[in-house]
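Below: one structure, written as structure tokens.
Bear in mind that the values in this text are calculations on the coordinates, not laboratory data. Remember, predicted model here, so these are calculated numbers, not experimental data. All Cβ positions, even for glycine, are placed from backbone atoms using ideal geometry, and neighbour counts span all protein chains on display.
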Amino acid sequence: MMVDRIRPRRLPPRISTPDFWPATFDRFDEILASASHCQVEHIGTSAGGRAIHGVTYRGRSGAPMVGLVGGMHGHEPQGPATCFNVISVLGYGRDLKGTAWPGIVDDLSFAIVPVLNPDARARMPNSFVGLATQDILHYDAGMTHDGRRNDAVDDDVDPSEMMILGGWYNDTGDHVNRETDPDNISAPEVAATMQFMANHRPDVVLELHAHAGAPMLIRPDAGLPEEARKRQEALCDHILAAAAREEIPFRQDVPVSDRLSTCLYHHFADSVPLLYESPQGVLDSEAAWSHEEIIDACMFVVSEVCEFVMAER
């Protein structure tokens, strides 16, 4: 009689990253424990039982607030890394590699969720720099037990059917970036983050993602009123103009999407939502991107968001 074998879930490869690219939970905890200039709170628990943290920094009285969210997708580790570099700038004037970012001003207030989806971060490699786009495709949507890439890319999945449970999902298979109905949120990670932002009501929320291409902005648009769309467009124009001056090769088109939970920041906190897609640094992309260049581009976008928010006030 043949006995079905229980197939183990594949573990991520060990990939070393620089100190300025924090990607593991012990490093996250170390930075949060030393962030005495911020208030760190437990804002929720993931589907897999992991803590979700919210970080607030208070600038001058009445200062506008910037929201930052990283780690919506576990296979996009530069989002959490950027959030922790911003926390370093706010406390010490420099990021984790010693670079000053004058545009990230401590006059402003900040509401930061460094790792929205800790379940997925725990399953994923720490970096894709120097690998290939094909390597990412094994980890974003995930891989079934028969070795095929998951083809239900817009749906929730059954984790028991996956050899690699992709970075888009929490531990129960919820596709956390497809929650667009503010009255019907199923993923606890999204619910906790939206409540945190609702409590602080930042002027803009920048959500940090990554892909295999050039730096790109995306405008989430599900249910946004015209005034919010106009502010979104003005913010994108501001960032793209600054990128052109700095000769950072951004994509000039700005796609609009009504399928992203990023839009919920407006519904819950009246914030202008914006999504930034960072390069992953893969070898077969349009240009090679190092860890340092990726973090610098992310920090540049945060800096320009800060400048825009300050100018609005």
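In segment 76-196, if every C-alpha pair distance is counted and binned at 10 Å from zero, what percent goes to each bin?
12, 34, 30, 19, 5, 0
Take the alpha carbon atoms of segment 156-278, find their radius of gyration, then divide it by 2.2 N^0.38 Å using N residues; give the quotient.
1.14
What's the extension gain from residue 184 to residue 24 if we count 0.36 nm per residue and subtract their Cα-Cα distance?
54.5 nm
Fully extended, how many nm does the chain gain between residue 313 and residue 292 (0.36 nm per residue separation, minus their Cα-Cα distance)?
Roughly 4.4 nm would be gained on extension.
Could you work out the mean projected area of the convex hull around the alpha carbons of the chain, in square nanometres to one decimal?
For the Cα atoms of the chain, the hull's average projected area reads 16.1 nm².
Please list 3J(HN,Hα) in residue order for segment 60-66, calculated via the Karplus relation 6.51 cos²θ - 1.76 cosθ + 1.60 where θ = phi - 60°; whole Hz, with x for glycine and proline.
Karplus-based 3J(HN,Hα) across segment 60-66 equals 5, 4, x, 5, x, 10, 10 Hz.
Name the long-range amide H neighbours of residue 67: under 5 Å, sequence gap of 5 or more, or other chain; modelled H, no Pro or chain starts.
Placed amide hydrogens put 111, 203, 204, 205, 206 under 5 Å from residue 67.
Return the sequence-ordered ³J(HN,Hα) values of segment 80-88 in whole Hz as given by the Karplus equation 6.51 cos²θ - 1.76 cosθ + 1.60 applied to θ = phi - 60°, using x for Gly and Pro.
So the Karplus estimates, Gly and Pro as x, are x, 4, 5, 4, 6, 5, 5, 4, 5 Hz.
Starting with the highest mean, order 179-185, 53-59, 71-77 by the number of other Cβ atoms within 10 Å, averaged over the residues of each peptide.
Ranked from most to least packed, the peptides come out as 71-77, 53-59, 179-185.
Taking the DSSP beta bridges in segment 25-312 as the whole, what percent of them are antiparallel, to the nearest 5?
Within segment 25-312, antiparallel bridges account for around 50 percent of the total.
For segment 214-302, max minus min Cα coordinate along each principal axis, in Å, sorted largest first?
Projected onto its principal axes, the Cα set of segment 214-302 covers 38, 25, 20 Å.
Evaluate the distance, in nm, between pseudo-label points positioned 7 Å from the Cα of residue 132 and of residue 51 along their respective Cα→Cβ axes.
Label-label distance for residue 132 and residue 51, simple model: 4.1 nm.
Toward the positive end of the charge dipole of segment 25-312, about the Cα centre and with charges on Cβ (Lys, Arg +1; Asp, Glu -1), which of 32, 124, 287 goes farthest?
Of the options given, the answer is 32.
Per DSSP H run of at least 4 residues, take -39500 (n - 2.57); add these up for the chain, divide by its residues and hand me the 222 nm value, nearest 500 deg cm²/dmol.
Taking each H run of at least 4 residues, the total per residue is -9500 deg cm²/dmol.
Tabulate in residue order the Karplus-calculated ³J(HN,Hα) for segment 116-126, using 6.51 cos²θ - 1.76 cosθ + 1.60 with θ = phi - 60°, rounded to whole Hz; enter x for Gly and Pro.
In residue order, the calculated couplings are 5, 10, x, 4, 5, 4, 5, 8, 10, x, 7 Hz.
If R₀ is 41 angstrom, what is the calculated FRET efficiency for the pair residue 107 and residue 146, using the beta carbon separation as r and rounding to 0.05?
E between residue 107 and residue 146, to the nearest 0.05, is 0.15.
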